[in-house]
Ligand code: PAF
C-alpha cells in the first residue's frame, strides 16, 4: 500500500482506472465496507484522507476533527488498498483557503443540495465545500468509479447530480452508493461517534429507533411525528426528522414513490444524522 502525498504520483500506471473512496480519515468499519465494495469491481482502489476545511462552518469541529493516520492505514492495509492519497491543503487549494472558500460559495449546486431545507439549511456553507473538494479530488485521481456511503444521503445525491450534470469534466465516472454500516444495536457508524460520552452512547440510539418506529406509519405526518416524539423521549434536540422523496429530497404527501426518512439531531455538543429507505405502500 503506497502513501501518496504528491498528486503527480496519481498518474502512475498502477492507479489508472481506479476505484476511489474519498474520506476525511478517522476510519471505521463503514469506510472498510466502502473499500470492500470497491474491491468487488476488480480495479485498484485509492482511498483519500483529507480533512477538508471548506466544508466546515466557522463554529464546527474542523480543529478537533479526529486525525488518526496510523490507525487509518492499519485498517486499510489488510483490505488490499493500492494507494492512500493524503494531500496537503496546498495541494488541494493551490490558490489558498480564502480563495477556495470564495470559490465554494460561488458554486452552482444541484437543487438537491440547495432546495430541500435539510443539511443545506442547517449547514449553509457545507455542500459548497463538499462539491469543491470532491470535484478537485476527482480531477486529480481520475477514477472510473467512486464509492459513497448512504449515511450522508444528501451528500450522495449531490455528488450523483453533480457528476451527471458535467459529463465533460467527469467522463464516464460511476457513483456507487453503499449501504450504511451499523453497530449491532443499530447506531450508524460515524467518525463523530467517538465524540459521544459513555452516558450519551445509549441516547444516540434514538435515531435508529425513531426510524424503526416510523416504518410502522402509513401516513407521512404520522411517521414524522413518531420520529420527533422518539427523539424527544431520548432527550435529543431535533433539527429535522422528515420523510422525503428519495431522489429530490423534497416533501411528499404519501409513500407511493420511493421515500427516505432523514434525521438530524443534537445530543449535547454532538450532531448526529441518519436516514433509511421507507416502505413503498401500494
Ligand atoms: O463524507 C465525507 O467523508 C466527506 O464529506 C468527503 C466526501 C470525503 C469530502 O470531504
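Details
- Test: residue in region 159-175 that is away from the ligand (no atom under 13 Å from the Cβ), assigned to a helix (DSSP H, G or I), closer than 18 Å to residue 26 by Cβ and modelled with pLDDT of 95 or more: no
- Taking region 180-207 as the range and being at pLDDT 95 or above, part of a helix (DSSP H, G or I) and either out of contact with any strand residue (DSSP E or B) (no Cβ under 9 Å at 6 or more places or on another chain) or closer than 14 Å to residue 278 by Cβ (or both) as the test, the residues that pass are 201, 205.
- Residue count for region 118-139, restricted to those that are part of a helix (DSSP H, G or I) and within 13 Å of the ligand (Cβ to nearest atom): 14.
To keep it simple, each residue is scored yes or no on (1) touching a strand residue (DSSP E or B) at 6+ places or on another chain (Cβ under 6 Å); (2) modelled with pLDDT under 95; (3) closer than 27 Å to residue 172 by Cβ.
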{"residue": "1", "(1), (2), (3)": "no, no, yes"}
{"residue": "27", "(1), (2), (3)": "no, no, no"}
{"residue": "46", "(1), (2), (3)": "yes, no, yes"}
{"residue": "78", "(1), (2), (3)": "no, no, no"}
{"residue": "85", "(1), (2), (3)": "yes, no, yes"}
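- One residue alone among 99, 164 is loosely packed, with under 14 Cβ neighbours inside 10 Å, at negative phi and in contact with a strand residue (DSSP E or B) (Cβ under 9 Å, 6 or more places away or on another chain), and that residue is 164.
- Residue in region 58-73 that is in contact with a helix residue (DSSP H, G or I) (Cβ under 9 Å, 6 or more places away or on another chain), within 22 Å of residue 15 (Cβ to Cβ) and in a helix (DSSP H, G or I) present: yes
- Scan of region 8-31 for residues that are buried (at least 18 other Cβ atoms within 10 Å of the Cβ) and in a helix (DSSP H, G or I), ordered by number: 10, 15, 30, 31
The values are calculated or read from the model by the stated rules, or taken from the named source; none is laboratory data. As the structure is a computational prediction, the values presented were derived from the model and not from experiment. Heads up, the Cβs are rebuilt from the backbone with ideal geometry, glycines too, and the neighbour counts pull from every protein chain shown.
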